[in-house]
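Single-structure report; data block below.
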Amino acid sequence: MSVRIGIAGIAGRMGRLLAEEAVAAGATLAGGTLRPGSAAAPPPGVPVLPDAAALFAASEVVIDFTHASAAAAHAALAARTGRPLVLGTSGLSPVDEAAVAEAARRAPICYAANFAPGVNLVLAIAERMAAALPAEQYDAEIVEMHHRQKVDAPSGTAIALGRAVARGRGTTLEAAGRESGRDGHTGARKTGAIGFAALRGGQVVGEHTLLFAGASEHIALTHRSFDRRVYATGAVRAALWLVGRPPGLYGMKDVLGMG
Ligand SMILES: NC(=O)C1=CN([C@@H]2O[C@H](COP(=O)(O)OP(=O)(O)OC[C@H]3O[C@@H](n4cnc5c(N)ncnc54)[C@H](OP(=O)(O)O)[C@@H]3O)[C@@H](O)[C@H]2O)C=CC1
Ligand SMILES: O=C(O)C1=N[C@H](C(=O)O)C[C@H](O)C1
């Protein structure tokens, strides 16, 4: 019997690709949801379910690439039903992330800023680079560029890169401090802070560069996605991996065996 996958936000850019990739992986599409009140057209042949509760009831695993405002409710449904959840949505607040972590005590949840395998390798390398390059000598700056429709900034991946740098330096992103959106009389850059710059334009799928800027040298690590299908393939892989796992908060590195 093939795994029944449900897709929240079925009419979105990612929702449509997730439906295609789920079928390509041999899964059955249990159905999808639209934003409440939305008039968007779902991909042909995919059953549209009335709400997220119906989606969880019909599915063995649910994939959510929607909007941050929906993440906590989807995580709560995962906890209530025990059904696995793959969460790719970005822009979650600390409160939303705490709700996801709490839900993961009762259901397996795979939450990842980026489901592309290459990005997860970059995150691991970023942590090692940060451990080797002292914060007093190398300023860490993260630059990302995305399509003009993206609604959150900096991207989830940029924040994950910042967290990886902070971990490598034995601290947290909150303690290191974020410097974003510099404009006007900002004062000098703080030593140890992690800088973020977000560019938006055209149809850029996703580009991230982590720069370590020293007085005499720069070292840059760049990842570029050319096709967002790479995220859909990774998320479906995560969904199939998650079925039958015990409750817990997993990441794409666990799916890839890099945990
Ligand atoms: N982790 C990763 O690897 C990746 C993460 N993402 C993230 O995934 C999210 C979606 O991206 P993308 O597909 O480009 O965005 P889209 O806006 O194209 O798709 C999101 C879809 O979700 C719908 N939606 C919003 N709220 C709900 C809800 N409560 N229930 C059901 N559907 C809802 C939207 O409807 P409507 O348009 O009517 O508002 C829209 O159709 C973003 O947060 C993005 O950053 C994207 C790519 C990779
Ligand atoms: O919105 C997008 O498109 C993407 N969002 C994710 C993010 O915020 O990091 C992943 C990828 O960069 C594409």
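Numbers at a glance
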read-out	value
Helix-only mean residue ellipticity at 222 nm for the chain, each DSSP H run of n ≥ 4 adding -39500 (n - 2.57), per residue, nearest 500	-11000 deg cm²/dmol
Whole-Å distance, taken between Cα centres, linking segment 196-214 and segment 83-111	26
Which of Gly32, Ala235, Ile219, positive extreme of dipole for the chain (C-beta unit charges)	Gly32
Inter-site label distance for Arg13 and Met1 at 7 Å from Cα along Cβ, in nm	3.7
Taking Val86, Val143 and counting other C-beta atoms within 10 Å, the order from fewest to most	Val143, Val86
Lys, Arg +1 and Asp, Glu -1 on Cβ, resulting dipole of segment 66-173 about Cα centre, debye, nearest 20	460
Inverse of mean 1/r across different Cα pairs in segment 13-148, Kirkwood, Å	17.0
Fraction of antiparallel bridges per DSSP, the chain only, in percent to nearest 5	35
Value of relative contact order over segment 117-225, rounded to a whole percent, pairs C-alpha under 8 Å and six or more apart	39
Translational D in µm²/s for the chain (Stokes-Einstein at 25 °C, 0.890 mPa s, Kirkwood Rh from C-alpha pairs)	129
Furthest towards positive pole of dipole, Ser69, Pro94, Pro50, structure part segment 18-97, Cβ charges	Pro50
Segment Glu102-Ala73, length gained on full extension (0.36 nm per residue, minus Cα span)	9.2 nm
Cα-projected label distance for Lys190 with Ala132, points at 7 Å along beta-carbon direction, nm	2.8
Segment 117-225 - share of DSSP beta bridges that are antiparallel (%, nearest 5)	60
Mean Cα-pair separation over length for segment 30-147, i.e. relative contact order, pairs under 8 Å, 6 or more apart, %	18
DSSP-assigned coil residues among GluC sites (Glu not before Pro) in segment 134-201, each with at most 11 further Cβ atoms within 10 Å	Glu136
Estimated dipole of the chain in Debye, rounded to 20 [Cβ of Lys and Arg +1, of Asp and Glu -1, Cα centre]	360
Tilt relative to the chain, helix 117-132 - C-alpha long axis, 0 to 90 degrees, to 10	30
All-pairs alpha carbon distance profile, segment 117-225, 10 Å steps from 0, percent	15, 48, 31, 6
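None of the figures in this text is laboratory data; all of them are computed from the coordinates on show. Quick caveat: nothing in here was measured; it's all calculated off a predicted structure. As a convention, Cβ positions derive from the backbone with ideal geometry for all residues, glycine included, and neighbour counts pool all protein chains shown.
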